[in-house]
1. State which residue is surrounded by the most Cβ atoms within 10 Å (Cβ to Cβ) when the search covers only region A:230-256 and only residues that are in a loop (DSSP other than H, G, I, E, B) and among the aliphatic types (A, V, I, L, M).
2. Among the residues that make up region A:169-192, is at least one of them within 13 Å of chain B (Cβ to nearest Cβ), buried (at least 20 other Cβ atoms within 10 Å of the Cβ), over 30 Å from A:Ser252 (Cα atoms) and modelled with pLDDT of 90 or more?
3. Cβ-Cβ under 8 Å, sequence separation 6+ or interchain: first residue in region B:11-23 and farther than 13 Å from A:Ala193 by Cβ and of a type outside the set (A, V, I, L, M, F, W, C), partner modelled with pLDDT under 85 and not in a helix (DSSP H, G or I). Which pairs?
4. Being more than 10 Å from chain B (Cβ to nearest Cβ) and out of contact with any helix residue (DSSP H, G or I) (no Cβ under 6 Å at 6 or more places or on another chain): is that true of A:Gly204 here?
5. Test A:Gly67 against the criterion of being small (Gly, Ala, Ser), buried (at least 16 other Cβ atoms within 10 Å of the Cβ) and more than 19 Å from the chain's Cα centre (by Cα), and give yes or no.
6. Test A:Gly74 against the stated conditions and say whether it is over 26 Å from A:Val223 (Cβ atoms), more than 10 Å from chain B (Cβ to nearest Cβ) and part of a helix (DSSP H, G or I).
7. Given B:Ala278, B:Ala257, B:Ala262, which one is surrounded by fewer than 16 Cβ atoms within 10 Å (Cβ to Cβ), out of contact with any Leu (no Cβ under 7 Å at 6 or more places or on another chain) and touching a residue at least 12 places away in the same chain (Cβ under 8 Å)?
8. Out of the helices (runs of 4 or more DSSP H) lying entirely within region B:42-138, which hold 1 or more residues that are modelled with pLDDT of 95 or more and within 23 Å of the chain's Cα centre (by Cα)?
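The values are calculated or read from the model by the stated rules, or taken from the named source; none is laboratory data. These numbers were taken from a predicted model, which means no experiment stands behind them. For neighbour counting, all protein chains shown are included, and Cβ atoms are generated from backbone atoms with ideal geometry for every residue, glycine included.
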Amino acid sequence: MTDRVRRLAEFAIERTLFLCAAFSILVTAGIILVLLWETAAFLGDVPLSEFLFGTVWTPLFYDKHFGVLPLVAGTLLASAIAMAVALPSGLLIAIYLSEYAASPVRRAVRPVLEVLAGVPTVVYGYFALQFMTPLLQSFVPGLAGFNALSPGIVMGIMILPMISSLSEDALHSVPNGLREGAYALGATRMQTALRVVVPAAFSGISAATVLAASRAIGETMIVAIAAGQQPRLTLDPRVPVETMTAYIVQVSLGDTPTGTLEYRTIFAVGMLLFLSTFTLNLISNWLRERFREEYA
Amino acid sequence: MTVLVHPDVSTRFLKRIGDRLLSAFGLLVTLLALIALGALVYDIASDGVGRLSWSFLTSYPSRRAQDAGILPALAGSLFVISLTALIAIPLGVSAAIYLEEYGGRGRVSRLIEVNISNLAGVPSIIYGLLGLGLFVRVMGMERSVLAGASTLALLALPVIILATREALRAVPKSLREASYALGATKWQTVWHQVLPAATPGVLTGLILALSRAVGETAPLITIGALTYVPFVPTDVWSPFTVLPIQIFNWVSRPQAAFAHNAAAGILVLLVLLLAMNAVAIVLRDRFQKRMA
């Protein structure tokens with residue numbers, strides 16, 4: 001091969017690789033365009049204020065109402081329960097593994113916890129419906145067969161490894177000098193962990209928390225299987241609710257013709273879901289960047 | 001009056017108790033998480049193992065739970081994931097090579113990087129809406145294997161890119177420099193030195209991304225994949241179903257017999273995932289030996 005041909009080939013290869021990388025921009029553009037297109041058509045028929053602030057969601061009934069608040073309430077309720085399970089326990093596990101456990105224990109526990117994050121969500125849905133709900137019904141009075149509590153708890157188990165391993169990374173990267181300083185002042189391990197190391201890793205831990213919340217809001221199958229499909233504006237964790245994601249599944253399972261208002265509702269709800277998780281992800285990224293600057 | 005116990009001693013005692021408590025509590029919660037995993041596996045195994053049989057694997061779905069099988073779903077899963085791999089792996093690995101080896105610190109590379117990490121955080125059901133709007137409607141693929149695989153490929157792409165970049169980053173700089181010193185071009189260096197050295201890591205990342213895609217349910221339901229498929233998909237235009245959708249379909253029915261089918265289906269899905277991970281480990285070991 002002559003030099004000229006070789007240089008040309010190198011150039012062609014680099015351009016091709018660049019196009020592959022740039023393709024990811026097209027994916028983002030595709031998501032935004034598809035959501036915008038159908039949402040705009042939806043908002044042509046339903047005023048934005050009714051969609052955002054209406055309290056009744058019955059697009060599939062004869063008497064149609066398009067207030068998304070019941071779906072938002074269901075999503076927030078299930079995610080809040082998940083966070084209430086995952087945040088304290090994930091943080092405790094992270095503190096234990098990073099500050100107390102011997103390193104063989106840490107090396108053994110971490111991969112097993114990560115298995116929890118790799119279990120398909122439909123499996124967690126089965127677990128919530130067939131195991132957790134009957135278990136909870138034995139001591140929670142008035143718990144319906146479909147409810148927000150059971151899928152919320154199971155979702156908490158699912159996102160726990162995310163909080164524990166990201167927080168542990170944050171705790172781990174706190175310089176040892178800080179710990180030694182605390183010990184030199186006579187602090188115990190607990191005082192060092194809770195008053196020095198955790199505050200020092202605070203932005204890393206919050207980044208993990210926000211990311212986990214975003215994952216919980218976007219989680220679909222667990223709530224679609226175990227929370228029921230009744231949009232209801234309530235904070236009672238014992239009754240059936242419907243989340244934004246479960247609504248999209250519900251419509252997709254039916255035979256809703258393209259181009260109808262019912263069909264467009266799933267894109268409008270999807271847009272709201274996309275914007276919420278996108279905002280949370282941005283906040284999480286910002287927090288992580290800040291953490292990186294502190295100990296660079 | 002003499003002080004029998006020095007005040008310091010009692011507070012030190014309390015502090016030590018607090019220390020022990022925190023440690024014990026941490027251990028307890030860690031064990032609880034592991035017990036939850038154990039309960040999950042036990043619950044599913046005890047519900048499902050009775051339904052596992054050769055005929056369960058080779059039968060078509062049925063209205064009677066005892067006769068129902070998962071052949072179309074298993075075949076569909078294998079077909080969809082192979083096609084997903086075919087689409088996503090070349091794209092993802094090429095993108096990762098560009099960003100890691102060629103990209104530099106330019107503004108465009110930076111934009112692409114931020115974009116990819118954002119894509120990794122988009123909920124999977126949103127990819128389903130993209131697939132529905134783009135592949136199923138605009139491109140007219142209908143509810144085919146190709147539409148499903150394309151949707152899953154987009155979903156797996158950011159994971160593949162991030163994992164591949166990590167594997168490429170782990171290849172020591174000296175290897176590249178030695179190659180350049182011998183007069184190799186950039187691409188010769190990447191193709192003959194960097195990629196082979198990174199293969200074990202890349203393979204692990206690829207299998208991880210694909211095993212996540214195998215377990216995905218929501219995006220495929222959203223593009224309209226069928227829940228009742230009494231045939232094995234024959235080509236990329238066939239309608240299809242996959243294991244997670246079949247499991248979901250069975251879980252949603254009120255009869256206990258179908259719940260047992262769902263548990264058996266989950267066992268098959270978990271075995272498939274384990275097999276994929278085993279393949280990853282075997283491949284990684286083989287490549288590592290060759291490199292050593």
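1. Kept after step one, since they are in a loop (DSSP other than H, G, I, E, B), are these residues of region A:230-256: A:230-243, A:254-256.
Subset that is among the aliphatic types (A, V, I, L, M): A:233, A:235, A:239, A:241.
On the way: A:Leu233: 16, A:Leu235: 10, A:Val239: 17, A:Val241: 30.
If we take residues in region A:230-256 being in a loop (DSSP other than H, G, I, E, B) and among the aliphatic types (A, V, I, L, M), then A:Val241 is surrounded by the most Cβ atoms within 10 Å (Cβ to Cβ).
2. So far as region A:169-192 goes, yes, one or more of its residues are within 13 Å of chain B (Cβ to nearest Cβ), buried (at least 20 other Cβ atoms within 10 Å of the Cβ), over 30 Å from A:Ser252 (Cα atoms) and modelled with pLDDT of 90 or more.
3. Pairs found: none.
4. Values: more than 10 Å from chain B (Cβ to nearest Cβ): yes; out of contact with any helix residue (DSSP H, G or I) (no Cβ under 6 Å at 6 or more places or on another chain): no.
No.
5. Values: small (Gly, Ala, Ser): yes; buried (at least 16 other Cβ atoms within 10 Å of the Cβ): yes; more than 19 Å from the chain's Cα centre (by Cα): yes.
In short, yes.
6. On the way: over 26 Å from A:Val223 (Cβ atoms): no; more than 10 Å from chain B (Cβ to nearest Cβ): yes; part of a helix (DSSP H, G or I): yes.
Spelling it out, it is not the case that A:Gly74 is over 26 Å from A:Val223 (Cβ atoms), more than 10 Å from chain B (Cβ to nearest Cβ) and part of a helix (DSSP H, G or I).
7. Values: B:Ala278 fails: touching a residue at least 12 places away in the same chain (Cβ under 8 Å); B:Ala262 fails: surrounded by fewer than 16 Cβ atoms within 10 Å (Cβ to Cβ).
Just a single option satisfies the conditions, and that option is B:Ala257.
8. Working: elements: B:54-58, B:71-97, B:107-120, B:124-131.
Of the helices (runs of 4 or more DSSP H) lying wholly inside region B:42-138, those with at least 1 residues that are modelled with pLDDT of 95 or more and within 23 Å of the chain's Cα centre (by Cα) span B:71-97, B:124-131.
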